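Here is the structure we will look at, set down as C-alpha cells.
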Amino acid sequence: MSEHQTVGELLALAAAGVLTAGEQRRVEDHARACEACARQLEAWRALSGELRRLPTPAAPAELVARTRARVFEELAAAAERRWDDAVLVFLSLFAWTVGVAVWAIVRLVNNGLLALLDARFTEPVIWLTASSVLAWLTAGVVAVLVGHRRRMTWRNL
Amino acid sequence: MAEEDSLVTLVTRYQHRLYRYLLRLVRDPATAEDLFQQTWLRVVQNIRRYDALRSFEAWLFSVAHNLAIDHLRRQRLESLDEPPAEPAASDPDALERCLASERAGLVAASMSELPALYREVLTLRFEEELKLEEIAEVVHAPLSTVKSRLRRALESLRSKLETRV
C-alpha cells in the first residue's frame, strides 16, 4: 500500500483528533505535499466541526425534576435497607451470644439461684434449649418482618 | 445529606448531555426519558461501586449504554451488529458543496439514519468529546474496534450526506 493510500485511510480519524502524535504528524506531513489529501483532510475537518456544533436537545425540565425526586426516594430506600441490614446482623449476633452465654451463666448459678426455683429449668440442657429457641424465634420473626418491609419498598419504587 | 446533594448536583450537571446521548442512541424521546431515569436510579444503586479514580463521565455513559443496548435488543427494531464497510465517497467535491451550505439539520438527519453503534460512537466523540479510551470503556470494546468503528461511522455519514445533496 502506498503512502498516499495509507494516509488516505487515516484522514477521517485525523480530523476526529484520535490519532497518536506520530500518526497525526505523518498525515500532516503528507497533506502538505499532496493537494488531494489536503482537500480531503479539510473536508473531514469541516464535517467534524459540523458534528461538534449539532444543536443539543435539552432534557425536559419536568423529566429532570421527576428524576431528582426518584433519586431522593431511592437514597431514602437505600438508607432504610442499610439500617434493616444492621438490625438483622445485630439480632443474629444477639441470638448467638445468648445461646452461648446462657450455658456459661447456668453453669455458674446452677447451685445457687436456680436451685431455689426447684423447677426442671435447673437442668442446664433444658434451660439452654429453651433460651436458644426463644432467641432464634425472636431473630426469625424480625428477619421475616425486615424482609416484608424490603419487599414493600421495592414494590413502591 | 451530602450524598443527596452530590447526586442532585450530578443530575443537574449531566442532564442535557445524558439526555442527548440517549436520544441519539434510541431516537425516541419517550424512551430516552425512561432510560434517563433508569440510568440515574442505577447510578444511585451502584454509586458505592464507582471507582473515583476513573472518569465519572465514562462510568455514567457506560451505565446508560448498558440500559440502552438492552432496550434496543428487546425491541429488535434495529441491528446492533457492526455493518459492513461502505465504499468511500467517490466525489470529494460533492462533500465540499454540502459543507458550504447551511445544514446542521441535514447532518443530524443523516446521522439518525446510521446504525445505532455508529450514532453512538459519533455522539460520544464529537458531542460528548470523550477520548478514545473513554469511549472504549463506555461501549465495552477494544480501542482498535472503537477506532475502526469511528472511521466507518464517519464514512457512512459522509456517504449519506452526499446522497442527500
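Every read-out reported here was derived from the displayed coordinates using simple, explicitly stated rules and does not represent laboratory data. As the structure is a computational prediction, the values presented were derived from the model and not from experiment. Heads up, the Cβs are rebuilt from the backbone with ideal geometry, glycines too, and the neighbour counts pull from every protein chain shown.
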Task: Ranked packing of A:133-139, A:19-25, B:61-67, B:18-24, most packed first, by mean Cβ within 10 Å - done: B:18-24, B:61-67, A:133-139, A:19-25
- [ ] Classify the stretch B:2-75 as rounded, prolate or oblate from the Cα gyration tensor: take a ≥ b ≥ c as the square roots of its eigenvalues, call it rounded if a/c is under 1.5, otherwise prolate when a/b beats b/c and oblate if not.
- [x] prolate
Task: Around A:ARG70: net Lys/Arg minus Asp/Glu count, Cβ-Cβ under 13 Å - done: -3
Task: Net charge of Cβ neighbours under 12 Å - reference A:PRO60; Lys, Arg +1; Asp, Glu -1 - done: -1
- [ ] Pull up all non-local amide H partners of A:LEU54: gap of 5 or more, or a different chain, and H-to-H distance under 5 Å with H placed in the peptide plane.
- [x] none
TODO: Report the net charge of residues surrounding B:TRP40, where surrounding means a beta-carbon distance below 11 angstrom and charges are Lys +1, Arg +1, Asp -1, Glu -1.
DONE: +3
